[in-house]
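Presented below is the structure to which this report refers.
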Amino acid sequence: MVIARKIDDTLPHVPVQRSAARLSLAYVWVAYIAFGLAAVAGMVQGMVRGGIMELPSWTNYYQILTAHGVLMALIFTTYFIVGFIFSGVARTTGGSLHGAALKFGWAGWILMTLGTLMAVVTILMNEASVLYTFYAPLKASPYFYIGSALLVVGSWLAGFGVFASYRKWKRENKGKTSPLFLYMGVTTYILWITATIPVAVEVLFQLIPWSLGLVPTINVMLSRTLFWFFGHPLVYFWLLPAYMAWYVCLPRIIGGHVFSDSLSRLAFICLLLFSIPVGFHHQLMEPGISPAWKMIHVTLTLIVVIPSLMTAFSMFAIFETTGRKKGGVGLFGWFKKLPWTDVRFFAPFVGMLFFIPGGAGGIINASNQINAVVHNTIWVTGHFHITVGAAVALTFFGVSFWLIPALTGRQLTKTANRMGMVQTVFWAVGMFLMSLAMHAMGLQGAPRRTDYTTYMDHPLALGWMDYQRVMAFGGGLLFVSAILLIAILLYLTFYAPKGNTEYPIAETETTQEVPKILERWPVWIGLVAFLIILAYGYPIMQQIQHQAPGSPPFVTW
Amino acid sequence: MHLHRYEKIWLMLGAGGLALFIVLLCVNAFAMGMAPPSNMEMIDPEKVTETPPFDKPGLKQVGDNEYDAYMTAFAFGFAPTKMEIPVGATVNFHVTSPDVIHGFQIPETNINFMVLPGHISSATHTFDEPGEYLILCNEYCGAGHQVMATTIIVK
């Protein structure tokens with residue numbers, strides 16, 4: 001079988017050494033296997049909801065929806081991020097990972113893969129059709145929860161690997177500022193580990209004992225609070241690695257420099273601080289949380305606008321200065337000088353464009369009165385498809401086009417580049433149509449996460465059908481794009497001609513002073529802890545002391 | 001740390017806009033009473049069907065053209081199934097669940113909240129236009145989630 005052919009390891013010029021490259025590729029490929037399966041599930045969903053096809057009796061819409069959500073939002077993203085960060089850490093710390101980092105990396109991969117298999121098998125057996133939010137008191141098989149816990153713990157081990165690399169670098173380079181990529185990788189994992197502790201608590205101390213029947217009831221409110229404590233920083237865990245590619249890799253691809261080393265770091269610190277103590281903005285429409293606490297979380301959520309604006313400024317500053325250096329004149333002449341035919345630039349750039357309406361939609365979702373119009377409507381689905389599904393995913397695709405050949409010692413050929421451009425256009429058009437229909441339909445009240453329905457031919461619901469067909473058509477384009485992507489990535493892994501592909505890491509143009517405080521982790525971790533206690537301490541205490549009567553488990557599918 | 005002049009202006013505009021926006025949200029929520037539905041009442045989910053007034057779900061007139069609607073949301077329906085009110089009526093919805101989490105949404109109005117077992121959710125709306133309003137569940141609750149709906153007729 002060709003797929004099983006060994007990755008070539010004879011080339012000397014691989015920028016990331018073989019042992020680290022193997023680890024990274026192992027993560028990236030599990031990510032893309034999950035992505036492929038999730039893409040099939042996604043297309044089927046779109047067609048079912050659009051009334052174009054019906055599912056056979058051995059499966060149901062919610063089972064496929066669970067598979068799509070878990071594989072795309074949890075498995076694809078987490079694996080890709082871990083793989084990408086490991087490769088970049090190796091690249092920026094001398095080309096290899098040391099023993100401890102590699103061991104943590106592989107141990108993490110094994111745990112995560114074991115967990116993934118457990119979760120996927122229970123979903124396939126229809127014992128976990130609880131969607132990727134697994135809200136109690138819907139009860140999945142205990143193996144689903146155990147699998148999820150293994151996935152999280154495995155990702156922590158990967159994070160420890162990155163921390164070990166960071167400490168080693170700091171020891172060997174006393175007093176120096178760490179490489180920007182490494183710094184950002186460390187920030188990402190601090191965010192991730194902080195964010196996943198409460199969901200681990202929910203799974204280990206609430207869901208698993210309850211689903212095994214060891215305790216009769218569950219505190220639903222507390223489980224939701226712990227889930228959303230994790231659920232919002234989860235989206236920043238997706239976003240930060242995309243930002244790493246934007247801040248550090250993209251400038252090099254277009255032939256420019258990092259705009260400002262300290263501001264990039266500061267943006268990451270702000271994202272770390274303001275992504276975690278904000279979970280109630282996902283719970284604005286529910287009882288049992290007072291409006292004052294909701295408002296505190298809304299305010300903290302909206303402060304995230306500042307690092308987002310910093311990022312937008314940095315990106316366009318890089319684009320403009322680089323374009324001008326290449327001879328672009330006039331107000332917008334520099335724009336034409338950007339490498340529009342280079343998929344490594346084009347795909348993330350299109351992702352950035354999606355992020356503009358994505359961010360605006362996010363402000364709408366987080367605002368506590370306006371949220372009543374869109375809460376749990378398909379608008380929300382449209383929102384996270386243009387943020388995660390477009391901005392983040394397109395950046396990951398753009399990264400994969402150079403990351404995979406750089407790790408396998410092959411070349412991104414002209415043809416592969418051109419196919420990548422086509423794939424990007426298909427993805428962008430598909431996502432645009434699908435999410436536009438979702439946003440429009442959501443404003444009219446169409447719910448998210450629901451099978452085909454016309455609500456007994458209610459005229460309002462019948463009016464949604466045209467949008468649902470547009471949605472299904474967009475989904476079809478996305479599926480074609482996904483197939484094309486996997487074909488290109490297989491080519492880049494196994495068939496592309498051998499050669500060197502650059503692992504692009506940009507540097508600042510001049511030596512820049514980086515304030516020492518930015519690397520004093522105890523300060524930042526302390527601040528995160530303070531904000532968490534401020535935002536969650538009292539409400540969680542209340543939810544434990546004055547809890548509603550508990551809920552027994554239900555299997556309603 | 002050096003900050004470019006244009007970036008300073010850009011961030012000041014951004015921060016100013018943000019501050020104004022948050023102040024407006026607070027005024028809306030606390031001065032004008034448009035806070036999200038945050039009712040604190042609790043109920044035993046296993047005893048919903050025997051706890052008044054949810055043992056007999058329905059409309060109760062509480063004022064001049066004002067009603068309390070006590071409803072339950074369960075897999076996969078709402079009780080009561082039929083409700084009729086006159087045009088201009090104000091309805092205070094009180095909803096709870098005897099089983100899993102449900103959603104309660106009336107498209108084309110601002111009524112949209114979660115129904116959690118153990119809690120009673122409530123929100124108020126004045127129906128100024130006649131018509132047959134759709135009430136639907138917008139939180140996944142199981143295999144029949146897509147059929148979970150009812151209507152409220154405004155004449």
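The values are calculated or read from the model by the stated rules, or taken from the named source; none is laboratory data. Owing to the predicted nature of the structure, the values given are computational and were not obtained by experimental measurement. No Cβ is skipped: glycine too gets one built from the backbone with ideal geometry, and neighbour counts run over all protein chains shown. Surface accessibility is based on the protein's heavy atoms, side chains included, excluding ligands, DNA and RNA. Shrake-Rupley method; radii C 1.70, N 1.55, O 1.52, S 1.80 Å.
Rounded to the nearest angstrom and listed largest first, the equivalent-ellipsoid semi-axes of the protein assembly as shown from its Cα gyration tensor are 44, 27, 26.
With the cut-off at 23 Å, tell me which of the pairs A:294/B:82; A:336/A:414; A:168/A:498; A:103/A:170; A:176/A:325; A:326/B:8 have Cα atoms farther apart than that. Checking Cα-Cα distances, A:294/B:82; A:168/A:498; A:176/A:325; A:326/B:8 exceed 23 Å. Taking the Cα centre of the range A:131-237 as reference, the dipole from Cβ charges on Lys and Arg (+1) and Asp and Glu (-1) amounts to some 500 debye. Put simply, the amide H of residue A:258, placed in the peptide plane, has neighbours under 5 Å in A:507, A:508, A:509, leaving out anything fewer than 5 places away on its chain.
Pairs of alpha-carbon atoms within less than 8 angstrom and 6+ residues apart define the contacts here; what relative contact order does chain B have, in percent? List each step's numbers first, then the result.
Details: 302 pairs, mean separation 33.5, N = 155.
Computed over chain B, the figure is 22 percent.
With Cβ to Cβ distances under 15 Å as the rule, what net charge do the other residues near residue A:48 carry (K, R +1; D, E -1)?
Details: positive: A:49, A:448, A:449, A:469; negative: A:54, A:451.
With Lys, Arg at +1 and Asp, Glu at -1, the net is +2.
Counting only protein heavy atoms and a 1.4 Å probe, chain B has 45 square angstrom of accessible area per residue. For the residues of B:1-9, the average number of beta carbons from a partner chain within 10 Å of their own beta carbon is 4.
Round to the nearest 0.05 the FRET efficiency obtained for residue A:107 and residue A:214 when R0 = 35 Å and r is the Cβ-Cβ distance. Computed FRET efficiency for residue A:107 and residue A:214 comes out at 0.75.
Label reach from residue A:197 (point 7 Å along Cα→C-beta): in the range A:245-289, amide nitrogens under 17 Å belong to A:272-279. Neighbouring Cβ atoms from other chains, within 10 Å of the Cβ of residues in A:296-309, number 3 on average. Take the Kirkwood radius over Cα pairs of the range B:36-152, plug it into Stokes-Einstein at 25 °C and 0.890 mPa s, and you get 173 µm²/s for translational diffusion. Give me the net charge for the shell around residue A:16: Cβ to Cβ below 11 angstrom, other residues only, Lys and Arg +1, Asp and Glu -1. Within the 11 Å Cβ shell, the charges total +3. Modelled label positions at residue A:498 and residue B:1, each set 7 Å beyond Cα in the direction of Cβ, lie 4.6 nm from each other.
Kirkwood-based Rg over Rh for the range A:399-518 (C-alpha set), two decimals?
Details: Rg = 21.8 Å, Rh = 17.9 Å.
We get a ratio of 1.22 for the range A:399-518.
Each listed q (0.21, 0.30, 0.31 Å⁻¹) maps to a log10 I(q)/I(0) for the range B:91-135, found by the Debye formula over equal Cα scatterers with no solvent: -0.70, -1.13, -1.18. Using DSSP, restrict attention to beta bridges with both residues in the range B:36-152 and report what percent are antiparallel, rounded to the nearest 5. Roughly 70 percent of the beta bridges in the range B:36-152 run antiparallel, per DSSP. Rounded to the nearest 20, the size of the Cβ-charge dipole of the range B:36-152 about its Cα centre is 180 debye, with Lys and Arg at +1 and Asp and Glu at -1.
Using the beta-carbon distance between residue A:335 and residue B:40 and R0 = 60 Å, what value does 1/(1 + (r/R0)^6) give for FRET efficiency, to the nearest 0.05?
Numbers: r = 54 Å, r/R0 = 0.90.
Computed FRET efficiency for residue A:335 and residue B:40: 0.65.
Solvent exposure of chain A amounts to 36 Å² per residue of accessible area, where only protein heavy atoms count and the probe is 1.4 Å.
Could you work out the mean projected area of the convex hull around the alpha carbons of the range A:1-159, in square nanometres to one decimal?
Details: hull surface 45.9 nm².
Average of the hull's projected areas for the range A:1-159 equals 11.5 nm².
Round to a whole number: what % of the accessible area of the protein assembly as shown belongs to carbon and sulfur, probe 1.4 Å? It would help to have the intermediate numbers written out before the result.
Details: 17840 of 26730 Å².
Summing carbon and sulfur atoms, their accessible area is 67 percent of the total for the protein assembly as shown.
Which of the residues in the range A:227-273 show a loss of at least 50 Å² in accessible area from their chain by itself to the complete set of protein chains, at a probe of 1.4 Å? Residues meeting the cut-off: A:263. Among the residues of the range B:97-115, those with an accessible-area drop of 20 Å² or more from chain alone to full protein complex, heavy atoms and 1.4 Å probe, are B:99, B:100, B:101, B:105, B:107, B:108, B:110, B:112, B:114. Since only A:473, A:343, A:393 are under comparison, the one whose Cα sits farthest along the positive direction of the charge dipole of chain A, derived from C-beta charges on Lys, Arg, Asp and Glu, is A:343.
Counting only other chain Cβ atoms within 10 Å of each residue's Cβ, the peptide A:362-369 averages 3. Remark: the range A:449-498 is approximated by an ellipsoid whose semi-axes, taken from the C-alpha gyration tensor as √(5λ), come to 40, 9, 5 Å, largest first.
Taken across both chains, chains A and B shield about 5400 Å² of accessible surface from a 1.4 Å probe.
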